[in-house]
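One structure is given below, encoded as structure tokens.
Coordinate-derived values only; no laboratory data. The structure displayed is predicted, hence computed values, not measured ones.
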Amino acid sequence: MSKHLPKAGARSDQGPVRTANEDAFWISDDQTPLEYGALYLVADGVGGQEHGAVAAQQAAQVISTAFYQMRRSGLTIPQALNDSILQANQAIFERAQAMNVTRMGCTLVAAVQHEGKLHVAHVGDARAYLKMENHLRRLTRDDTWVQKQVDAGIITYEEAANHELRNIVTQVLGNKLDITVHQSAVYELRAGDTYLLCSDGLHGVLSIEQLFMLMKDNSPQAAADAMVKAAIEAQTRDNVTAVVVDSNVKKARRGKVPPSKQTNEKSGVPLWVIVTIATAVVLLLGFLLYRL
């Protein structure tokens, strides 16, 4: 089991509009029991609800503690991610009741790197991205009203990105006890892979192309700093947080991976299949003409 700590950088800022920062993040360090996985997370207090900062901070504290307790007890990474996030959800819900608060919640994205593989879980519209050589791939799917419209074929991704209701989330931690934790497919990391966890204050104002360029030639900390600065310059209206992690995996790639802008895009027919079919058709036509 590798105990090597991936190189990470993080930056969080209240932004140019908000009077306080209600985002929180947690990154693994030298004290982390890496034999169970390196955990990273971003939590974003829900705007318009009370004590968003409290919700985000509690999510980070509960998950970072409960995840490793559950791993030590024998749970797999997917199980520990799911159960620790559910435990955080219950803790926030109960704390809101104790504080006599109607609603107090946060969105969350968490990633665990272990033995060359990346596990991602999320609730709400905090996102995870993976930089793979020449492009950035989004790994999460927002819990938002506009995402549901996209899924139903009512609006396009382009329309959703600029929709006036794009910030309406359909699920967060802390508002109710019954939630669904989404987990992405486990990804086998390769040399050069770097991943990003961020709040919507970042991805809401910077395009996937901009995020890629800021990650491309920067160290994790320099990339996180540059992203937050760019979001502020773009006049983000929310708190903004970026956690960037260089996987530092040495395993070579099997081949080039085509860019994917959205998590639901399906890869097309491989070029070699098209060429093989075309060649077979030409040979068949030639044979038939020869027989004639």
Listed residue pairs exceeding 30 Å between alpha carbons, taken from Lys176/Lys229; Lys216/Lys251; Lys117/Lys216; Lys148/Lys251; Lys176/Lys216: Lys176/Lys229; Lys148/Lys251; Lys176/Lys216
Shape box of the stretch 102-147 [Cα atoms, principal axes, largest first, Å]: 44, 25, 10
